[in-house]
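Engineer: Below is a structure I'd like to ask you about.
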Amino acid sequence: MRFRRLAAGTAVLVGVTMALGIFTAAAGAGLTCQMRWPLCDGPLGGLFPANWPSFIEWFHRLIAGATGLPVLATAVQSWRTDQSSRVRYASTAVLAILPIQVVLGALTVTQYGIAVLFAHFATPVLLFTLSTLTAAWTYESQVSPVTGRRVALLALPFLALATLLSPRFLVTFTAPIQVVYNGLLLAALAGLLAAAVWMDDQRATQFATVGSLLSAAILIVGRRAYGDAIVYLIVAGLVVVFGCTLLAARVGDTDRLSRRLTETS
């Protein structure tokens, strides 16, 4: 029980760190520490920030560093408590990839470039995916396929709202809107990943998996959504994800009812 809570809390903290990073970039605070890393632009030789914009960047770095502690604890405890191989390897992969993300974060400050920026966007999505799968696998024996269907259904309103808040589609993509939009997508991705793990129907799992992959891709592409073509492509992708999620829930429910009818006949 304690390990399951640790794994779930780690996944949530990874998501929160992503949201802080998104807000930092959207608020234009990504380079406010005088392009210094890991120090900033304030007192004690840059140990602290000098103003509000640099505080945003400094605080994001602080939380990102703190996230390493539960990530380390989850990986270590997965081996100490003899978790399944999937849980051990996924949590260890998160621990191994996290330093890469730290290096990429430093490079976005000291050597700002499109390739580095893209990698810095993609790596957190991978970390969140692996962290969420780690948590979902730890709860797998405690939940039923019905729970998987319910989680898929719960993802639907998040996807609908994310579609309405898509980059430059219907609303101005301000910093708060960006955080909400990406938060909705992260919640939907977590639900789809959990549904893919918990549902016992192969077709439902496939639909949830496809929806998860598309959601992850949209999270990455949406950070650099320039031009009308990309905007409408993201909206179309979200519609497809919504359809996959709905099909996963309906297929899982139909098969469950079919089995129940078969058992009672």
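Engineer: Looking at segment 137-147 only, could you name the residues that are under 19 Å from the mean Cα position of the chain (by Cα) and either of a type in the set (A, V, I, L, M, F, W, C) or open to solvent by 40 Å² or more (accessible area, probe 1.4 Å) (or both)?
Structural biologist: Scanning segment 137-147 gives 137, 139.
Engineer: Now, a different point. It is to be established whether one or more residues within segment 203-214 are open to solvent by 70 Å² or more (accessible area, probe 1.4 Å), modelled with pLDDT of 90 or more and more than 13 Å from residue 189 (Cα to Cα).
Structural biologist: yes
Engineer: Tell me which residues, restricted to segment 68-99, are among the charged types (D, E, K, R) and in contact with a helix residue (DSSP H, G or I) (Cβ under 8 Å, 6 or more places away or on another chain).
Structural biologist: Within segment 68-99, 86, 88 meet the criteria.
Residue by residue, here is whether (1) in contact with a strand residue (DSSP E or B) (Cβ under 7 Å, 6 or more places away or on another chain); (2) among the β-branched types (Val, Ile, Thr); (3) in a helix (DSSP H, G or I); (4) surrounded by 20 or more Cβ atoms within 10 Å (Cβ to Cβ) holds:
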{"site": "149", "(1), (2), (3), (4)": "no, no, yes, yes"}
{"site": "163", "(1), (2), (3), (4)": "no, yes, yes, yes"}
{"site": "178", "(1), (2), (3), (4)": "no, no, yes, yes"}
{"site": "186", "(1), (2), (3), (4)": "no, no, yes, yes"}
{"site": "190", "(1), (2), (3), (4)": "no, no, yes, yes"}
{"site": "237", "(1), (2), (3), (4)": "no, no, yes, no"}
{"site": "240", "(1), (2), (3), (4)": "no, yes, yes, no"}
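Engineer: How many residues does segment 37-89 contain that are over 30 Å from residue 137 (Cβ atoms), loosely packed, with under 14 Cβ neighbours inside 10 Å and not aliphatic (A, V, I, L, M)?
Structural biologist: Qualifying residue count, segment 37-89: 4.
Engineer: Of everything in segment 39-60, what is assigned to a helix (DSSP H, G or I) and more than 18 Å from the chain's Cα centre (by Cα)? Give them in sequence order.
Structural biologist: Result: 43, 44, 45, 46, 52, 53, 54, 55, 56, 57, 58, 59.
Engineer: Exactly one condition in (1) out of contact with any Asp or Glu (no Cβ under 7 Å at 6 or more places or on another chain); (2) touching a residue at least 24 places away in the same chain (Cβ under 8 Å) is false for residue 149; which is it?
Structural biologist: Unmet condition: (1).
Rundown of residues vs (1) of a type outside the set (D, E, K, R); (2) within 17 Å of the chain's Cα centre (by Cα); (3) open to solvent by less than 30 Å² (accessible area, probe 1.4 Å); (4) at pLDDT 95 or above, yes/no style:
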position	(1), (2), (3), (4)
172	yes, no, no, no
232	yes, no, no, no
251	yes, no, yes, no
255	no, no, yes, no
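Engineer: Given the criteria out of contact with any Phe, Trp or Tyr (no Cβ under 8 Å at 6 or more places or on another chain), crowded, with 22+ Cβ neighbours inside 10 Å and either modelled with pLDDT under 95 or hydroxyl-bearing (Ser, Thr, Tyr) (or both), does residue 134 qualify?
Structural biologist: It is true that residue 134 is out of contact with any Phe, Trp or Tyr (no Cβ under 8 Å at 6 or more places or on another chain), crowded, with 22+ Cβ neighbours inside 10 Å and either modelled with pLDDT under 95 or hydroxyl-bearing (Ser, Thr, Tyr) (or both).
Engineer: A further question on this structure: So for segment 16-33 (the condition being over 30 Å from residue 191 (Cβ atoms), open to solvent by 20 Å² or more (accessible area, probe 1.4 Å) and touching a Ser or Thr at 6+ places or on another chain (Cβ under 8 Å)), does at least one residue qualify?
Structural biologist: yes
Engineer: Hey, among the residues in segment 95-113 that are part of a helix (DSSP H, G or I) and touching a residue at least 60 places away in the same chain (Cβ under 8 Å), which one's farthest from residue 77 (Cα to Cα)?
Structural biologist: My answer is 110.
The values are calculated or read from the model by the stated rules, or taken from the named source; none is laboratory data. Note that the structure is predicted; figures quoted are calculated from it, not measured. As a convention, Cβ positions derive from the backbone with ideal geometry for all residues, glycine included, and neighbour counts pool all protein chains shown. What goes into the accessible areas is simple: the full protein's heavy atoms, side chains included, and nothing from ligands, DNA or RNA. Shrake-Rupley method; radii C 1.70, N 1.55, O 1.52, S 1.80 Å.
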